[in-house]
Amino acid sequence: MRKRYHPAATPCQRLLADPRTPEPVRPRLAQTQARLDPVKLLREMRSAQRRLVDTADGSCTPALDPLVKVTGQLRAWFVEEPWRTSRELLVRLQAEQPGQYPDQLLRTLQRRLKIWRKEKAHAMVFGPMRVEPAIEPMTH
């Protein structure tokens, strides 16, 4: 077996060198290649990496859940009347605290209700979750 190695080339350079690349496409590829800036790309990659590390370290402040202050109240309303829709709960919340919770929170509340309904259905089918005590290994 004999291995042949081609000279290093970018994908754009390989397309330009390939005879199968149509002639009308070649000028556009050449223009695109001329606009590419590897230093700028490297800078953008490092910036994205820094943001990723900051997020992983928790040094970035994540957007807070706007419903976090009233989650307990919403959950209590759901437990009392599980047939209520997300829209009905949001309207009730808006009536109690005018100007605090805009209509744009409806989707957030819908996702939350979906989770609560799933938990309730699970409990109805399988019963409440029980934590089994850990079994201690026998020592001789």
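Observations, loosely collected:
- Matching residues in segment 11-26 - criterion: being surrounded by 10 or more Cβ atoms within 10 Å (Cβ to Cβ), in a helix (DSSP H, G or I) and free of Cβ contacts under 8 Å to residues at least 24 places away in the same chain: Q13, R14, L15, L16, A17, V25, R26
- Tally, over segment 94-129, of residues that are polar (S, T, N, Q) and not in a helix (DSSP H, G or I): 2
- Condition met for R75 (touching a residue at least 24 places away in the same chain (Cβ under 8 Å) and open to solvent by 80 Å² or more (accessible area, probe 1.4 Å)): yes
Each row is one residue, and each column tells you yes or no for (1) under 30 Å from T10 (Cβ atoms); (2) at pLDDT 90 or above; (3) touching a Cys at 6+ places or on another chain (Cβ under 7 Å).
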| site | (1), (2), (3) |
| --- | --- |
| R46 | yes, yes, no |
| A56 | no, no, no |
| T61 | no, no, no |
| Q73 | no, yes, no |
| W77 | no, yes, no |
| W83 | no, yes, no |
| L90 | no, yes, no |
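The values are calculated or read from the model by the stated rules, or taken from the named source; none is laboratory data. Here the structure is a predicted model, which is why all the values come from computation and not from measurement. Note that we place each Cβ from the backbone using ideal geometry, even for glycine, and neighbour counts take in every protein chain shown. Note: areas computed on protein heavy atoms with side chains; ligands, DNA, RNA excluded. Shrake-Rupley method; radii C 1.70, N 1.55, O 1.52, S 1.80 Å.
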